[in-house]
1. Cβ under 9 Å from G43's Cβ, G43 left aside: what net charge do those residues give with Lys, Arg +1 and Asp, Glu -1?
2. Using helices alone, what [θ] at 222 nm do you get for the chain, with -39,500 (n - 2.57) per DSSP H run of 4 or more residues, divided over all residues and rounded to the nearest 500?
3. Within a Cβ distance under 15 Å of A126, other residues only, what is the Lys/Arg minus Asp/Glu net charge?
4. In region 1-134, what is the count of Lys pairs whose alpha carbons are under 21 Å apart, counting only pairs at least 8 residues apart or on separate chains?
5. Among N41, N95, N77, whose mean-square fluctuation peaks in a Gaussian network model of the chain (Cα, cutoff 10 Å)?
6. Order of 9-17, 31-39 by packing, highest average Cβ count within 10 Å first?
7. Of A20, A72, A89, which is the most mobile in a GNM of the chain whose springs link Cα atoms less than 10 angstrom apart?
8. For region 1-104, evaluate the Debye formula with one uniform point scatterer on each Cα (no solvent term) and list log10 I(q)/I(0) at q = 0.16, 0.17, 0.20 Å⁻¹, rounded to two decimals.
Amino acid sequence: MWYLIPGAALWVDRVLKRKARRGELPEDVLHGRIRFQHIENSGLAGSKLRGKPKTVKYIHILAYAFSIPALAVFCWNGLAAKCGISLIAAGGGSNLFDRLRRGTVTDVIQFSKAPGRIKHLVFNLADFMILLGSICTAIGLFHQKHP
């Protein structure tokens, strides 16, 4: 049943992105702590390489094509690692789907009350799936090495 979490998160990410593109999301949530803001990011994280769409597309394809099989081969033991790799695959796959289909990645979530530079960045749920998946995979790897 662990695989339902990445599947559900992937579905919610796709719905949020579609609703953001249509302008169907409320602007403020949780008293302005979270804002739904539609941004089409043509670059990498933080809009790096924004003016180089082909380079960004190939980086994204290569990263996904090599990281998911490598993680699956080396880290597939244990529940934390399985869930982590599945979250990374789902989040990365969602962003890759956007990149290949639209040439950009749809970002939606902004933490407008966060400290420093974070309050100016806009994320999507897939980004959080990748982050959480990385943490789960690291935990799974740690438990493999230190039973």
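The values are calculated or read from the model by the stated rules, or taken from the named source; none is laboratory data. Since the structure is predicted, the reported quantities are computational estimates derived from the model, not experimental observations. For neighbour counting, all protein chains shown are included, and Cβ atoms are generated from backbone atoms with ideal geometry for every residue, glycine included. Areas reflect the complete protein model, heavy atoms only, side chains present, ligands, DNA and RNA absent. Shrake-Rupley method; radii C 1.70, N 1.55, O 1.52, S 1.80 Å.
1. Details: positive: K48, R50, K52; negative: none.
Once positives and negatives cancel, what remains is +3.
2. On the way: 4 runs with 87 residues, N = 147.
Only helices count here, giving -20500 deg cm²/dmol.
3. Details: positive: R14, K17, R18, K19, R21, R99, R101, R102; negative: D13, E40, D98, D107, D127.
So the environment of A126 carries a net charge of +3.
4. Details: K17/K48; K17/K57; K17/K119; K48/K57; K48/K119.
Lysine pairs satisfying the spacing and distance rule in region 1-134 number 5.
5. Evaluated over the chain, the most mobile residue of the options is N77.
6. Values: 9-17: 18.2, 31-39: 14.6.
Going from most to least packed, we get 9-17, 31-39.
7. Of the options given, A72 has the highest mean-square fluctuation.
8. One equal scatterer on each Cα of region 1-104 leads to -0.86, -0.94, -1.12.
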